[in-house]
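The block underneath contains the structure these notes are about, expressed in structure tokens.
Throughout, read-outs are computed from the coordinates displayed, never taken from laboratory work. What you are looking at is a predicted structure, and each value in this text was computed from that prediction instead of being measured. Glycine also receives a Cβ, built like all others from the backbone with ideal geometry; neighbour counts cover every protein chain displayed.
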Amino acid sequence: MEFNLNEETKMLQSSAEKFCKEKSPSPFVKNMIKDEKGFSEAHWKEMANLGWLGLIYDEKYGGSGGSFFDLFILFEEIGKTQLPSPFLCSAVFAGLLINEAGDENLKKTYLPPVIQGEKILTIGLRNEQGQYDHAAAALEAKESGGGSYVIKGTRILVPYAQVADEIIVCANLKGEKASGPTLFKVSGKASGLKKTPLNTLTGEKTFGVVFEDVKVSEKDILGAIGKGTTYVDKVLPKVITLKCGEMVGGLSKVLNMTVDYVKQRIQFGRPLGALQVVQHYCADISTFLDTSRLIAYQAASLIDIGFPCAKEVAMAKAWCSDAYKKSTQIAQQLHGGIGFTEEHDLHLYYKHAKVAELDLGDSWSHRQKVAEEMGF
Amino acid sequence: MEFNLNEETKMLQSSAEKFCKEKSPSPFVKNMIKDEKGFSEAHWKEMANLGWLGLIYDEKYGGSGGSFFDLFILFEEIGKTQLPSPFLCSAVFAGLLINEAGDENLKKTYLPPVIQGEKILTIGLRNEQGQYDHAAAALEAKESGGGSYVIKGTRILVPYAQVADEIIVCANLKGEKASGPTLFKVSGKASGLKKTPLNTLTGEKTFGVVFEDVKVSEKDILGAIGKGTTYVDKVLPKVITLKCGEMVGGLSKVLNMTVDYVKQRIQFGRPLGALQVVQHYCADISTFLDTSRLIAYQAASLIDIGFPCAKEVAMAKAWCSDAYKKSTQIAQQLHGGIGFTEEHDLHLYYKHAKVAELDLGDSWSHRQKVAEEMGF
Amino acid sequence: MRFTFTEEQNKFRQTVRDFLQAELKAGIFVTKSGGLAEGNNQEFSKKMAQRGWIGLTWPQKYGGQGRTYVEKAILIEELFKVQAPVAYHFLADRQIGPSIIHFGSEWQKEYFLPRFVKADENMKFCLLFSEPNAGSDLVNVATTATKEGDFYTLRGQKVWTSGGHQSDYGWLLARTKIDSSVPRHESCSQFIVDMKAPGVTVRPIINMVGCHTFNEVFLDEVKIDRKFMVGQENDAFKQIMAQMDYERAGMERLLQNYPVYEKVINYVKEMGKTRKGDPFYHWVQDSVAQLEIEFNIGRLLCYNTAWTIDMGRKPTSEAALTKAYCNQYEQRLNDLATRVLGPASQIREGSPWTLYDGEIADCYLWSPSYALQGGSVEVLKNIVALRRLELPRK
Amino acid sequence: MRFTFTEEQNKFRQTVRDFLQAELKAGIFVTKSGGLAEGNNQEFSKKMAQRGWIGLTWPQKYGGQGRTYVEKAILIEELFKVQAPVAYHFLADRQIGPSIIHFGSEWQKEYFLPRFVKADENMKFCLLFSEPNAGSDLVNVATTATKEGDFYTLRGQKVWTSGGHQSDYGWLLARTKIDSSVPRHESCSQFIVDMKAPGVTVRPIINMVGCHTFNEVFLDEVKIDRKFMVGQENDAFKQIMAQMDYERAGMERLLQNYPVYEKVINYVKEMGKTRKGDPFYHWVQDSVAQLEIEFNIGRLLCYNTAWTIDMGRKPTSEAALTKAYCNQYEQRLNDLATRVLGPASQIREGSPWTLYDGEIADCYLWSPSYALQGGSVEVLKNIVALRRLELPRK
């Protein structure tokens, strides 16, 4: 048991902190909500140049073969300022799926441009209720002869679909020889693809995508037919853990904002923060932060060293979901009116906490996984 | 909607309050825990003379045909001082079962002595896990010819079994003509009956009773064969609601004790009750009390006027179980060391809250009933 | 004790319900949470006025109906269950009218009360209490009202003024004695301010839902006639105490998101048809049953508070306890709703795949606001501790 | 970051585990929650001493092993998982020893430390801190220690003295300056008191579990040699601050009811074999999964606190936060256990149909006591707010 970051990680952390603070102050984040793209291409390039996008990939694809734990630290920093970008969907989720499922050729074709930020990929794994349904996908792929398939169905909450060069989906393939859940990549410009921007709580760019008989070929299949669920389940723990990183980052910002506010806000002739009830609320947020960080770091660190950690990942997401959300609710209570305004920054985190809770399984669903791992 | 007690009820309440305070100060209650009988026969006689035991029964059986709501008020007062007696098991639970299921002859034989406190009955409806199992009783009654039956099995948490003249049970009758869950009364002195005192959290007198082929006759059957579950289910809401009365009484005492304590206890140079966190805890207990009282009064009042109120009863027990228990936990926290001693009275309520929670269904199980009533 | 309604009360409820159903059918309004914030509809208020439903509890000599607060609670319950657009008259009905009845001058009574109960033009009120440095601690108000002959001159700034941009009058708290030797709570007075008077500037505050309901109000040398002062000079805090009870007491505190609750229940019923035995369904039904219990208790608390007023008692601690309870209930409701309904509940109004046209998402955003008016949960718990339990201040 | 143990640590854990399993098999003790309160077994302590497991983290020159607090946490974890009977040496090992090392005189070090690490006869300690009017606010202690030549005379009364009736020495906090112009926290000193000295009277307090662990201790003109004063005169509070961190920091705070937790988990596993699909089972597995998460987090907090000490940092806020968290976890555990296991869990030791011989019932009764030592949850939250978050006192 050791609870300190190593020197290299600390350096990465402080450069990431600096980057996020400089590039992503809250007015910028709020502008991006109204922006059509929803992120800055300039930042995106810089993130690629800093090596962030390729951090965990093999050097032969242009990555730096770095540690997953360091990637987690990046997402913690990103969460602090809510820097918007397709990092998670493109260079993590899609990239890892390609890395996991793709053959060497595909990897060599796709990973380098993803890592360099030249291609943006995204993920369409959520059904019309917003649930990940790769185990029994509502999206269908039918053989249409000559090694071709036709994909039909709907995906929603597909991040950055409007700029995505490819969308990776898991479709239920019904073929003559082989069938089952299968990963496909679909060109973002494929005909039959209808993208509708969705206005959500956070305002992050996300889309509903309707597949109206979209044609793909067998070259668009990632990995083996029928193995889609397995690939996704292999990659998901990493995505979930990085989402926890984002949440821990957000939570730490909420604590700082709140403590600062109650120190300077004068009420009844003294700082709000001198009231014992307020102090205990702040201690509660502080406890939520410490505990969330520990349990999330644990998941990241065990993934990093390749330790089996299905339970630890589930514990992290279950706990962070509740802790972050409750912290933003307490923070709202302590901020009073000002925290409820658009002008203030607190709402960015209040909204992020709710959306992050609902993404990739809330605390209940991850407790189910914990229960499973406990042998219940 | 009217939230005041009528004059008659108020008078009953204040006389009950006086009785309980005088007869059942905490040293008495604590002595009764060590006492073999566990209650005072003198009190018992007085309760009968005051008309408490027969309050809700018809005048023709020696009752006073009073209101169920008034009975509830009595139990609230009893809960305040934790006055121990077989009131609930004998004059309520058993009495109501006889009233519900018995024929006129049986009622005339049994209700008057029960109401006069001359006979004590009790109830054996809980299986070896302490669960009410009348819907599928683990107790068996087999025909043994000549209108006789043999009862076999175990009941636990049978209150005051050592002094009970009769124990009412619901046994699964397996007969040639008729079968199913059936109510029997079993003489407390029947051979084959083995009673073992159980030491429980509260120390209320309660027993494990093993039925080793206890002989009963068809005269001992209450009501119709196969209808045992129905009778019990009809009476249970009343018992549950009176248990809520006990809990509300206990809760109100916990609030008073705690508020008094934090007013007089000096810490850091001022009363503990001047600390904002302590004030909020007390406000929480106060809220638990008001809400518990309202929801329990509602159940009692609707039963009183014969309104269908399965949901209201379930809501009352669900809420009171949680509210009372949490209040005793907060009270312990505020009392510190002194509340943890045997000398102090708080533990009586801390223990009572837990036992009352576990009796007759905890909050989870009553929420299930609420869900059912909601059409889920 | 009576936990049922009288026949007369049931009839009254039915009358209200019939009216509302007819209005709904006619498309006068739609049922969507947030009615209080958005439903500014004088025409609708006029219809209510015609039925005597504004000033229901006020004495008849002021145009009221002299009916009970329990009946008022029934009225509010029905209005809020369907989120009727009552914003035009709501504040006047709930607290401005009663304050004028208790503390107002004859002129004020004669001028305002009949207009309130008729929902006349230009009678929408807002509250000018909070200031940047006076929120929970209202005694800190810095806005001054300086007497100059028959006039007062107002100088200062107010904030968090709900509906300030749509209001004709503001109900103002201002300092009338600038003397540090006088206790602060004995140096303020209340005024009625014409929001169109020269020197009044209203600036919108956009909230995190993206809506404009709050405002900043700047008072720059606003001159008002002394007849617009309410009650005794420097007596504002005594008056406000009573007023606050009314502000807190109402059934609306429980029902601002009632349509969400109804939707959740219906959703779970549907779910039960196909998913019995599913662990998620079991979690959901348990959670929603808990909400149902909380809701029912909240309702009893509200009726109990109304009844306390009917008994002629000050409902200070009842109202405080009730509002704290209801605020927390509504927050739990909106949070749970998103989890029961799942990730699509994050999609807002106007987008496809949204649930109930964004109502679930919006209500989660509105949640923190319920505690902003009429006292935060913390302030309300203080009141219960100090007033009811009489715990020591020091 | 490393969330695994080194090979050496794993080996150490295995050694401890093997020893404990052998002791269990030999019937030296049984695993039942409450070991700390009841397991006063000098023979067992001696066996631990032989293995170097008392004073594990102390410098070698005082007979310690100079090992890390993380290793200590491993040791404690294994001991408490099986509820080994460590009460004889526990206090000396956890906080008396470290206090003597930091603040004690050479004589005290030479006399006590070697005897501690050997678990010698007559070396059981108790804490004489709390008084009837000094609980969370220790600065209020009224017990006095008056210097008279080479002696101090003690006069006063202590309370909530755990194990006072079995102890050989008491670690006392007393006032050494009776001068109201001196701040209270600069007027107390610490002493070691022979509990058999004339004038010391120990009176049992029976707790609500029905057990005798607490005591009142009366000090009636107790004379002690000045060599039993620890550290600088009037410097007690500085010393206590450090001592408290050790008192709060330990893994034992999470594990006082570990056997209950283990039983609950096994019970649920059994239940799953027959009741999958049952709504109650679903509620239970969800609730216990939540406990599992809380338990795992508590464990990380404890190791993190240990590691903080190993890094040479004062773990004040970590220890406070950890203890507050663990206290609450244990209370939830014991409460939930009764509900998972059902009504029979109310049956106590010795009665038939009891569950686990009354352990579940007893643990629910012990629950409120965890917050009584080392600071209530409220005091600990104050520490987090003031020390870590640096919120203002006034």
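Give the residue from A:G146, A:L12, A:S85 lying farthest towards the positive end of the charge dipole for chain A; charges sit on Cβ (+1 for Lys and Arg, -1 for Asp and Glu) and the dipole is referred to the Cα centre. Positive-most Cα among the choices belongs to A:S85.
Considering the rotation that superimposes chain A on chain B, the residue of A whose beta-carbon lies nearest the axis, and that distance in Å, is A:Q276, 2. Compute the acute angle (0 to 90°) between the alpha-carbon long axis of helix D:279-310 and the principal axis of greatest extent of the alpha-carbon atoms of chain D; round to the nearest 10°. It works out to around 30 degrees. The peptide list D:115-123, A:173-181, C:164-172, A:346-354, put in order of mean Cβ contacts within 10 Å with the highest first, becomes A:346-354, C:164-172, D:115-123, A:173-181. The separation of the stretch D:335-380 from the stretch C:334-394, counted between C-alpha centres, amounts to 35 Å.
Counting only Cβ charges, +1 for Lys and Arg and -1 for Asp and Glu, the dipole size of the protein assembly as shown around its Cα centre is about 380 debye. Net charge dipole, the stretch B:122-227: roughly 60 debye, given to the nearest 20, about the Cα centre with Cβ charges of +1 for Lys and Arg and -1 for Asp and Glu.
In the Gaussian network model of chain A, springs joining C-alpha atoms below 10 Å, which of A:K142, A:K317, A:K34 carries the largest mean-square fluctuation? Most flexible of the set in this elastic network: A:K34.
At what distance in angstrom do the alpha carbon centres of the stretch A:147-208 and the stretch C:1-46 lie from each other? Rounded to whole Å, the Cα centres lie 46 Å apart.
Specify the inter-centroid distance of the stretch A:315-350 and the stretch B:342-376, based on alpha-carbon positions, in whole Å. Here the two parts' Cα centres lie 33 Å apart. Using a Gaussian network model of chain B in which every pair of alpha carbons under 10 angstrom is joined by a spring, one finds that among B:F75, B:F288, B:F307 the greatest mean-square fluctuation is at B:F307. Counted over chain C, the DSSP beta bridges are approximately 85% antiparallel. Chain D residue nearest by beta-carbon to the axis mapping D to C, with distance in Å: D:H282, 2. For peptide B:1-8, the mean count of partner chain Cβ atoms within 10 Å of a residue's Cβ comes to 6.
Here is how far apart the A:E59 label points are across copies: 10.3 nm, shortest first, using a point 7 Å from Cα toward Cβ.
Local charge for C:N10 was computed over the other residues whose Cβ lies under 15 Å away, with Lys and Arg +1 and Asp and Glu -1, and equals -2. For chain C, a simple Cβ point-charge model (Lys and Arg +1, Asp and Glu -1, everything else neutral) yields a dipole of about 600 debye relative to the Cα centre. A:G249 sits among other residues whose Cβ lies under 13 Å from its own Cβ, and their net charge, with Lys and Arg +1 and Asp and Glu -1, is +1. Mean-square fluctuations from a GNM of chain D, with a 10 angstrom spring cutoff on Cα atoms, peak among D:N327, D:N382, D:N304 at D:N382. Toward the positive end of the charge dipole of the stretch C:308-375, with +1 on the Cβ of Lys and Arg and -1 on the Cβ of Asp and Glu, the farthest Cα among C:Q346, C:T316, C:L333 is that of C:T316. Protection proxy ranking of D:84-92, D:318-326, by the mean of other Cβ atoms within 10 Å over each peptide's residues and highest first, is D:318-326, D:84-92. The mean count of C-beta atoms from other chains within 10 Å of the C-beta of residues in A:265-276, rounded to a whole number, is 5.
Could you work out the relative contact order of chain C, using alpha carbon pairs under 8 angstrom and six or more residues apart, expressed as a whole percent? Contact order relative to length: 14 percent.
Over the stretch B:295-376, the alpha carbon radius of gyration divided by the compact-protein estimate 2.2 N^0.38 Å works out to 1.32. Each Cα pair under 8 Å and six or more residues apart adds its sequence gap; the mean of these over the residue count of the stretch C:7-123 is a relative contact order of 34 percent.
Mean separation of Cα pairs under 8 Å and 6 or more residues apart, divided by the residue count, gives chain B a relative contact order of 14 percent. The helix-based estimate of mean residue ellipticity at 222 nm for the protein assembly as shown, built from -39,500 (n - 2.57) per DSSP H run of four or more residues and divided by its residue count, is -15500 deg cm²/dmol to the nearest 500.
In nanometres and ascending order, the distances from the B:A42 label point to those of the other copies are 9.3 (point 7 Å from Cα along Cα→Cβ). The packing ranking of peptides D:290-299, C:3-12, A:226-235, highest mean first, is D:290-299, A:226-235, C:3-12, where packing means the average number of other beta carbon atoms within 10 angstrom of each residue. Summary for C:E121: label point 7 Å along Cα→Cβ; distances to the equivalent points in the other copies, ascending, 10.5 nm. Shielding of peptide A:337-348 by partners, expressed as the average count of other chain Cβ atoms within 10 Å per residue Cβ, is 5. Could you tell me which of rounded, prolate or oblate describes the protein assembly as shown, using a ≥ b ≥ c as the square roots of the eigenvalues of the alpha-carbon gyration tensor, with rounded for a/c under 1.5 and, failing that, prolate when a/b is larger than b/c and oblate otherwise? The shape class here is rounded.
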